[in-house]
Amino acid sequence: MRCLFEPSIAPLPIDRSISSPRKQSIPSRRFSPSLGRRRFALPRASETMNCLRVEASSEEKKKDKEGKLWGGRFEESVTDAVERFSESVSFDKQLYKHDIMGSRAHASMLAQQGLITISDRDTILKGLDEIEKKIEAGEFDWRADREDVHMNIEAALTDMIGEPAKKLHTARSRNDQVVTDLRLWCRDAIDRILARIRQLQVALVRLAVKNEGLIVPGYTHLQRAQPVLLQHLLLSYVEQMERDAGRFADCYVRLNFCPLGACALAGTGLPIDRFMTSSALGFTAPMRNRASYNSIDAVSDRDFVLEFLSANSIAAIHLSRLGEEWVLWASEEFGFLTPSDSVSTGSSIMPQKKNPDPMELVRGKSARVVGNLVTLLVLCKGLPQAYNRDLQEDKEPLFDSVKTIMGMLEVTSEFAQNITFNRERIQRALPAGHLDATTLADYLVKKGVPFRTSHDIVGRSVALCISNNCQLMELSLDKLKGVSPAFEDDVFEFLGAENSIKKFCSYGSTGSDCVAEQLEMWVSKLGIDDDQ
């Protein structure tokens, strides 16, 4: 019988001189012919030559490497491994638009100050326009050997227009350049996030308007507590989103000053006008004429990124809590809401399943956003003052955090627009849990009974209900009086979920009038048209 595997070299001889109490057995292995030969065959001469050719071409490539824009001090190129490890263009190319914005403003300032000619400025600006068009058309050649977005654009500009491009970096360092780009990027990202927050608020308010008068159980410790209007619960999330928006707006104010012109860390001896570039880039922080006051601080700190990611994390936690509540409410155990098919998924094995996966992912992705904040906190905690290359690592967590929170806000808005609340199921569930107990205690307080005494009386009344398997409103007046003589005929006006809701009257409460006032305020504030 022919062996399926024929090694290209003879197997090693077995040393028969070794004695063993038992006969040695060598486990057999099955190989495919191609895999076996490939694994055990010695390299052929042609393969060896190919390897040498690859190594030679690698050496040639190394010699042909483009000289770094900072390379005058160096006699050797960095190794391929260092280059791969150090490059950031694979992710910081997202900053291209803001990098070009900064370069336009810087070139115009240099010309204004007589540091470059008007002709050079115009040539630079025209070249930057062409590069931006190429990038947006997907025709720009991003090169890892040019390290980052700044060097890629500057080197491409030099290839395009020659000598004038070499003047653009006058009185500028990549240290102040990158932090300027990053502030501009964060500013735009905050604008986008604020728009998504507003979109979600509008969706929640519309959902509240649609479900007027629907009472649901309110929970504390995930135990039934008191009845609340569904509108009141939905508006609680709108309030949280408003504070989230406020945090982003506050962050915007603090990040909106211009570090351009701080250079590497010490500023420059050239007569630049930092306030001109600041104004041209739209930095409008009221303090210190829109330019950062201390050049070392300008390039050192990423506290604006930390604050931004902190605001992202808090918003993500709010969205996660909303997601958790809706996931619970969509379960058979609750059955309070039903998502439409357009925002649900099924099971690959259980054909009956309808899962609220988008909100589960909202809950899950909050972990990424919080993790990105922790990454940046740890990144910054041990850095000495001024720029350190560690700060290259600030961008990927930032970009990921913004992308994630934008997706979370968008899908939560979609979900809110595609759910229905199951009124009959909710109303059937309302009697359980003695939700009107606190309202009954308030009744006794109005009768002059101290609250702690009222608490005890109502507790004993609930115990009576449990023993009789009934609700508070089903107890007769005689039984109630048996617990306390303070109960009178009007007690039944305070019992039941509907009566409880009517009795809430404190500012911001779940009382019908209070909720109507809250809802009217939000409809007006968000500019919601009733006809939409």
Taking H placed 1.01 Å from N in the peptide plane, check which residues at least 5 places from G218 or on another chain put their amide H under 5 Å from its amide H. A225, Q226, V228
Given a Förster distance of 45 Å, the FRET efficiency implied by the Cβ-Cβ spacing of E396 and D513, rounded to the nearest 0.05, works out to 0.35
Heavy-atom accessible area order for T123, T404, T375, largest first, 1.4 Å probe: T375, T123, T404
Once you've got the Cα coordinates, tell me which of K447/K503; K93/K381; K93/K403; K447/K502 are over 23 Å apart. K93/K381
Counting only protein heavy atoms with a 1.4 Å probe and every protein chain in place, the carbon and sulfur fraction of the accessible surface of the stretch 123-198 in whole percent equals 44 percent
Mind ordering 263-273, 185-195, 431-441 by average Cβ neighbours within 10 Å, highest first? 431-441, 185-195, 263-273
Please report the accessible area of H232 (heavy atoms, 1.4 Å probe, ligands and nucleic acids excluded) in Å², nearest 10. 40 Å²
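Considering only protein heavy atoms and a 1.4 Å probe, what is the carbon-and-sulfur percentage of the accessible area of the stretch 200-248?
Its accessible area is 52 percent carbon and sulfur atoms.
For the stretch 385-482, rounded, prolate or oblate, judged on the Cα gyration tensor with a ≥ b ≥ c (square roots of eigenvalues), a/c < 1.5 rounded, else prolate if a/b > b/c?
prolate
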Coarse-grained scattering of the stretch 212-258 at q = 0.30, 0.33 Å⁻¹, given as base-10 log I(q)/I(0) from a Debye sum over alpha-carbon atoms: -1.00, -1.06
What residues qualify as long-range amide H neighbours of I116, i.e. H under 5 Å apart, gap of 5 or more or another chain, H built at 1.01 Å from N? A111
Two-site label geometry, H455 and Y293: point separation in nm, points 7 Å out along Cα→Cβ: 5.1 nm
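For D273 and K166, what is the calculated FRET efficiency with R₀ set at 25 Å and r taken between the beta-carbons, to the nearest 0.05?
The computed FRET efficiency comes out at 0.70.
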Taking a probe of 1.4 angstrom, what is the accessible area of L464 in Å², to the nearest 10? 50 Å²
Filtered trypsin sites (Lys or Arg not before Pro), the stretch 357-397: DSSP coil and at most 14 other beta carbons within 10 Å: K381
Stokes-Einstein D (µm²/s) once Rh is taken as the Kirkwood radius of the stretch 369-415 over alpha-carbon pairs, at 37 °C in 0.692 mPa s: 274 µm²/s
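Per residue, how much accessible area does the stretch 238-286 show when a 1.4 Å probe rolls over the protein heavy atoms, in square angstrom? Let's see the in-between values first.
Details: 2090 Å² over 49 residues.
Per-residue value: 43 Å².
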Distance in nm between L328 and S524 label points, each 7 Å along Cα→Cβ, equals 3.4 nm
Cβ-Cβ FRET estimate between A137 and A249, R0 fixed at 41 Å, reported to 0.05: 0.75
Ranking V523, V149 from most to least accessible area with a 1.4 Å probe gives V523, V149
Arrange the residues T345, T412 by how much accessible surface each exposes, largest first, with a 1.4 angstrom probe. T345, T412
Volume per residue of the C-alpha convex hull in the stretch 130-197, rounded to whole Å³: 118 Å³
Size descriptor, Kirkwood hydrodynamic radius, that averages inverse alpha-carbon separations across the stretch 328-415, Å: 15.7 Å
Going by average Cβ density within 10 Å per residue, which order do the peptides 102-110, 473-481 take, highest to lowest? 102-110, 473-481
Computed accessible area, S119, all protein chains, 1.4 angstrom probe, square angstrom: 80 Å²
Can you compute the modelled spin-label distance between E212 and Q385, with each label point 7 Å from Cα toward Cβ, in nm? 6.2 nm
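The values are calculated or read from the model by the stated rules, or taken from the named source; none is laboratory data. What you are looking at is a predicted structure, and each value in this text was computed from that prediction instead of being measured. Glycine also receives a Cβ, built like all others from the backbone with ideal geometry; neighbour counts cover every protein chain displayed. Just the protein is used for accessible areas: all its heavy atoms, side chains included, with ligands, DNA and RNA removed. Shrake-Rupley method; radii C 1.70, N 1.55, O 1.52, S 1.80 Å.
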